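Quick notes on the structure that follows.
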Amino acid sequence: MATKLWHFYFFIALSAAFIIGVIVGSYSLSEAFTDHEYLCTHDEGQSLNSTEAVNASTSDLASDAPALEPSPSDLASMAWNESLGFGEILYVSMPDRTDRQDAMNLAASMSGFKLRLINGIDGATVSTKAIPDNDDLRWGQLKPSEVGCWRAHANAWRYVLDSDMETALIVEDDIDWDKNIHQVLSDLSLQMQSNSLRTVSPTDHERTSAPYGLDWDVLFMGQCYDEAHPKRQDLVQAYDDPNVPSRKDTEDVFLKQMESLGVKGNDVGKKRLLSPAYGPFCTMGYAVTRRGAQRLLLHLSYLRLRGPVDMDMMWNLQEGKIRGYSVTPPPFSAWRVGGQKDSDNKPAPNLPLSGKGNRGGWSRNIKNSARVAMVNELAMDNWKDYTNNNKGAGPAKQAEKGKPEEPKSQ
């Protein structure tokens with residue numbers, strides 16, 4: 001009887017131990033499954049070994065660290081891209097001036113940037129109803145050529161607003177630039193980022209994404225005439241630029257402006273100037289911000305148009321209705337060939353058609369003309385190259401040349 005009771009109690013104890021073991025094991029398994037599920041979810045469903053877990057932890061810490069702010073030189077390097085650091089480069093050209101379009105695309109390809117064509121407009125085709133109110137005309141009735149020029153540039157401003165661009169460079173189709181234009185604008189970008197002429201501090205966005213800043217409406221880089229504000233000639237930022245033209249290659253109007261702003265003597269030919277725009281003429285080359293395009297359309301279309309587009313831009317600058325900077329000497333300049341081809345206006349019977357042509361063309365205010373450089377860089381003499389390499393001597397001599405040298409007799 002005692003033996004049966006012992007077996008009974010032993011069975012009871014063994015069952016209890018089994019039940020306790022199952023409970024404890026289930027709890028541990030549940031905890032382990034819960035931990036594994038958390039890790040998978042935390043690392044996007046991937047199971048981690050101990051090394052991977054450490055790496056994941058380090059990666060999480062790194063991702064929480066603030067991104068490094070680009071240095072000024074990083075932003076300036078954007079001037080080396082195919083749009084010179086702007087959103088796009090737009091060029092205005094009359095549809096029938098395919099000669100100028102060929103030249104612009106060729107020169108741009110040699111300089112490593114791309115252009116987008118904005119068609120010029122025949123002012124005679126612009127409806128009189130579409131011309132802005134002009135009861136404040138300062139120079140008499142606008143000529144058809146002036147209406148067409150205004151309309152083409154207004155179309156360029158509209159293009160900027162229709163796009164996602166923050167800035168655009170707008171040029172005309174008869175310009176030249178320095179062959180080192182990327183370096184010229186990279187140096188300018190550094191100055192714009194450390195601009196002592198700003199009226200407000202740069203935003204975080206400007207510090208990280210705007211190589212020329214965004215505190216301006218118009219940046220003049222292709223004016224044919226300029227002057228500084230007569231009462232604010234203290235507002236200037238002069239900087240060294242190895243691509244500045246010499247004194248003899250700089251037009252008097254820019255030498256006078258530089259002198260009025262304190263750059264004279266040996267500094268001429270070494271320094272370029274950044275100053276608030278006040279009296280620029282011509283629209284050969286200028287950049288606009290998005291806000292600048294809005295203000296230009298407001299003041300030179302929506303409200304009125306008081307004269308030629310470049311003149312009215314200047315008047316608005318002088319009145320303080322738009323904000324701009326001038327770069328002196330300007331990086332873009334007119335390319336001239338002489339004769340009637342230098343103008344899109346009606347032919348002048350007293351001038352020859354072609355003048356000197358591109359082979360005899362010239363530009364001022366530029367140290368190393370991109371147009372001159374491209375002719376030299378593309379020049380070759382194919383048949384002379386063959387002769388110099390001894391590849392044009394004919395089959396017999398080529399065969400003779402290819403024979404092994406005979407051993408000399410002893």
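The values are calculated or read from the model by the stated rules, or taken from the named source; none is laboratory data. Since this is a predicted model, take the numbers as computed values, not measurements. So basically every Cβ, Gly included, is an ideal-geometry build from the backbone, and we count neighbours across all protein chains shown.
Couple of notes before you dig in:
- Residue in segment 292-300 that is charged (D, E, K, R), more than 24 Å from the chain's Cα centre (by Cα) and either at pLDDT 95 or above or under 30 Å from Asn134 (Cβ atoms) (or both) present: no
- Scanning segment 226-240 for residues that are in a strand (DSSP E or B) and surrounded by 16 or more Cβ atoms within 10 Å (Cβ to Cβ) turns up Gln237, Ala238.
- In segment 117-169, the residues that are under 30 Å from the mean Cα position of the chain (by Cα), of a type in the set (Ser, Thr, Tyr) and outside any loop (DSSP other than H, G, I, E, B): Ser145, Tyr159, Thr167
Yes or no, residue by residue, for (1) within 21 Å of Val171 (Cβ to Cβ); (2) not polar (S, T, N, Q):
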position	(1), (2)
Asn316	yes, no
Ile322	yes, yes
Ser343	yes, no
Ala348	no, yes
Gly355	no, yes
Ser369	yes, no
Asn376	no, no
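- So Arg138, is it at pLDDT below 95, closer than 19 Å to Arg304 by Cβ and touching a helix residue (DSSP H, G or I) at 6+ places or on another chain (Cβ under 9 Å): yes
- Of everything in segment 155-206 that is surrounded by fewer than 16 Cβ atoms within 10 Å (Cβ to Cβ) and among the charged types (D, E, K, R), the residue that is nearest to Ser77 (Cα to Cα) is Asp204.
- Only a single item in (1) over 20 Å from the mean Cα position of the chain (by Cα); (2) of a type in the set (Ser, Thr, Tyr); (3) surrounded by 15 or more Cβ atoms within 10 Å (Cβ to Cβ) is not met by Ser83, and it is number (1).
- The one condition in (1) under 20 Å from Met284 (Cα atoms); (2) at pLDDT 95 or above that Lys143 fails to fulfil: (2)
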